[in-house]
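Here is the structure we will look at, set down as structure tokens.
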Amino acid sequence: MNMRTVEGYSPVMIAIMNSSNECLEKLCEYGGVDYSCVNTSKMTPWEIAMNFKNDTAISLIVKY
């Protein structure tokens, strides 16, 4: 669930960047997501969602 790419992106971060909100919701529902993890740019999933202006992702992160 929290494995990362070489650049430090988790599955949640990738779903946020690709606006794959249905996938993001499934990942959040599954549980065990580390929302405090950072990529090599020191950005958390919340900061990535804000940067990509993904309102649905922001709502899901707040919900879970």
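The values are calculated or read from the model by the stated rules, or taken from the named source; none is laboratory data. Keep in mind it's a predicted model, so treat the numbers as computed, not measured. Because the Cβ atoms are built from the backbone with ideal geometry, glycine has one as well, and the counts that use them run over all protein chains shown. Calculation scope for accessible area: heavy atoms of the full protein, side chains included, ligands and nucleic acids excluded. Shrake-Rupley method; radii C 1.70, N 1.55, O 1.52, S 1.80 Å.
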Portion, in percent, of the accessible area of region 1-59 that falls on carbon or sulfur, probe 1.4 Å: 54 percent
To one decimal place, what Kirkwood hydrodynamic radius in Å is obtained for the chain from all pairs of distinct Cα atoms? 11.3 Å
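Within the chain, report the GluC sites (Glu not before Pro) that DSSP leaves as loop and that have at most 13 other Cβ atoms within 10 Å.
Working: sites: Glu7, Glu22, Glu25, Glu29, Glu47; in loops: Glu7.
When the GluC sites (Glu not before Pro) of the chain are filtered for loop state and at most 13 Cβ neighbours within 10 Å, Glu7 remain.
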When only DSSP loop residues count, what trypsin sites (Lys or Arg not before Pro) in the chain have their Cβ near at most 16 other Cβ atoms within 10 Å? Arg4, Lys42, Lys53
Straight-line reach from Lys26: which lysines have Cα under 22 Å away, leaving out those fewer than 8 places along the same chain? Lys53, Lys63
